[in-house]
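A.B. asks: My questions will all concern the structure given below.
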Amino acid sequence: MARTALVTGGTRGIGAAISKALRDAGYTVAATYAGNDEAAAKFTDETGIKTYKWNVGDYDESKAGIGGVESELGPIDVVVANAGITRDAPFHKMTPEQWQQVIDTNLTGVFNTVHPIWPGMRERGFGRVIVISSINGQKGQFAQANYAATKAGDLGIVKSLAQEGAAKGITANAICPGYIATEMVMAVPEKVRDSIVAQIPTGRLGEPEEIARCVTFLASDDASFINGSTISANGGQFFV
Ligand SMILES: NC(=O)c1ccc[n+]([C@@H]2O[C@H](COP(=O)([O-])OP(=O)(O)OC[C@H]3O[C@@H](n4cnc5c(N)ncnc54)[C@H](OP(=O)(O)O)[C@@H]3O)[C@@H](O)[C@H]2O)c1
């Protein structure tokens, strides 16, 4: 029987590429989103992948949403915690609201997404947890103290879950994308984009599909001995 995969933020950008790649690899996929109904409806029309709306920053909503997905599609075998936001500001101008929104979505959102799924994975003796972190969680970034803190925190979650889940057949791994050509990055002024590309030895932005292929590998049986790892997919921009 096909395994079931949940991709948070799976309707746009990197998440949409992940949802499609997992579907193409034979998974039954549920893609979630926060509020952009139009993008979600277009995504379902184009891909046939079911979408579900909840805020990953809210535990009760996440738990109820995940319960709904599992009763429709079956137990979740693969969870990709991809939903993420930025609220950039230099630290001296960063507001407590900007700090909190990013913590709620990018860090607590990972807890809220994985925690309700974890007991079932333990009972069934199989699971794949994949968290989409960021190059900026590895190296920090000007005006992203909030974002970098969450993405570094995500790596801590993954390394801990790797140790807790190993004996139960569960692996937990992270991917740290560099700059990827999503709407968010393509929306920045061309001059800024050029200055970003100048820092990437490969000489170009990454494609969402290049991250999606890392996910399908980590989700597969071929990756069974990879646990607690971080895959840096950044075109050589930063080495850990
Ligand atoms: N793009 C890059 O270059 C890059 C680089 C490194 C890491 N990343 C990470 O990769 C992940 C995806 O980034 P992206 O650029 O593809 O993002 P994106 O295009 O902005 O898409 C974000 C997705 O997450 C959903 N989302 C946002 N907040 C949510 C919430 N509170 N609850 C549920 N869903 C929520 C959005 O739903 P709606 O459509 O409803 O808004 C959307 O589906 C993020 O974690 C990001 O930090 C991105």
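Just so you know, all these numbers are worked out from the coordinates, no wet-lab data involved. These figures come from a predicted structure and were not determined experimentally. For neighbour counting, all protein chains shown are included, and Cβ atoms are generated from backbone atoms with ideal geometry for every residue, glycine included.
A.B. asks: Filtering the range 122-142 down to residues that are part of a helix (DSSP H, G or I) and in contact with a Pro (Cβ under 8 Å, 6 or more places away or on another chain), which residue is nearest to the ligand (Cβ to nearest atom)?
C.D. replies: Just the residues of the range 122-142 that are part of a helix (DSSP H, G or I), to begin with: 122-124, 135-139.
Applying the additional criterion that residues be in contact with a Pro (Cβ under 8 Å, 6 or more places away or on another chain) yields 124, 135.
On the way: 124: 25, 135: 6 Å.
Ranking the qualifying residues of the range 122-142, first place goes to 135.
A.B. asks: Among the residues of the range 187-208, write down those that are under 19 Å from residue 83 (Cβ atoms) and surrounded by fewer than 15 Cβ atoms within 10 Å (Cβ to Cβ).
C.D. replies: 187
A.B. asks: Just name the residue that is nearest to the chain's Cα centre (by Cα) out of those in the range 185-201 that are closer than 23 Å to residue 230 by Cα and within 15 Å of the ligand (Cβ to nearest atom).
C.D. replies: Filtering the range 185-201 down to residues closer than 23 Å to residue 230 by Cα leaves 185, 196-197, 199-201.
Okay, now just the ones that are also within 15 Å of the ligand (Cβ to nearest atom), so 185, 196-197, 199-200.
Values: 185: 16, 196: 22, 197: 23, 199: 24, 200: 22 Å.
Per the stated criteria, the residue is 185.
Listed here are the residues, each with its yes/no results for (1) touching a His at 6+ places or on another chain (Cβ under 6 Å); (2) part of a helix (DSSP H, G or I); (3) of a type outside the set (A, V, I, L, M).
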residue: 153; (1), (2), (3): no, yes, yes
residue: 158; (1), (2), (3): no, yes, no
residue: 162; (1), (2), (3): no, yes, no
residue: 167; (1), (2), (3): no, yes, no
residue: 201; (1), (2), (3): no, no, yes
residue: 216; (1), (2), (3): no, yes, yes
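A.B. asks: Quick check on my filter: what residues within the range 87-108 are part of a helix (DSSP H, G or I), under 17 Å from residue 57 (Cβ atoms) and not polar (S, T, N, Q)?
C.D. replies: 96, 97, 99, 102, 103, 104, 107
A.B. asks: What are the pairs, 6+ residues apart or on separate chains, where a residue within the range 31-52 that is more than 12 Å from residue 7 (Cβ to Cβ) has its Cβ under 8 Å from a residue that is more than 10 Å from the ligand (Cβ to nearest atom) and not in a loop (DSSP other than H, G, I, E, B)?
C.D. replies: Close Cβ pairs satisfying both conditions: 44/50; 48/23.
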